[in-house]
Amino acid sequence: MMVAACAPCMAGTLKVGAAALAGVLGYSKVRDRKFKNIKTKKKNKGKSKSGGGIKYTKKQKEFIRVCRKVEKNKKLNPGMRSLDCHSMIDQSPKEITWMKNWYQDGLKEKNLDWDKYKKHYSKKNSRKKTKRRNKTRRVRKNN
């Protein structure tokens, strides 16, 4: 009886030689001398020199910083819910600055002004509706 396991003939190795030629392809479940370890590529854990990460603008960085402060504040976020600060970065720069200023005002006053928020977004939605109406109007031709 073999006590020490032989490293090249362990389970999970690839069949080679006569065992592979006989049509028994695949991974081994039994120890056998006719098996060979599979070489795996090592991943490079070092950082790449090209940067590779997401580059944020100065406004976006400021917004994320302020948003995280609001997220961690017990008064402004009593349910301690995630505000998902990174998803707002896809918005326009004007929208990001507005949200950042709104959050900063909330931090100063220790209360978010939801009336200001509703007013801002109602104006934004009304502008979208007028743009849609102008695009869909058809002009009749008089004969």
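Tabulated data for the structure shown
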| read-out | value |
| --- | --- |
| Any chance K116 is surrounded by 11 or more Cβ atoms within 10 Å (Cβ to Cβ), part of a loop (DSSP other than H, G, I, E, B) and of a type outside the set (V, I, T) | no |
| Matching residues, the range 91-130, being of a type in the set (G, A, S) and out of contact with any Leu (no Cβ under 8 Å at 6 or more places or on another chain) | S92, S122, S126 |
| Cross-chain or 6+ apart pairs with Cβ under 6 Å, the range 69-83 first and in the same structural domain as Y103 (by TED's automatic domain parsing), then among the aromatic types (F, W, Y) | V70/Y103 |
| Hey, Y103 surrounded by 11 or more Cβ atoms within 10 Å (Cβ to Cβ), of a type in the set (S, T, Y), touching a Cys at 6+ places or on another chain (Cβ under 7 Å) and at pLDDT 90 or above or not | yes |
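The values are calculated or read from the model by the stated rules, or taken from the named source; none is laboratory data. Please read these numbers as outputs of a predicted model, since none were measured by experiment. For neighbour counting, all protein chains shown are included, and Cβ atoms are generated from backbone atoms with ideal geometry for every residue, glycine included.
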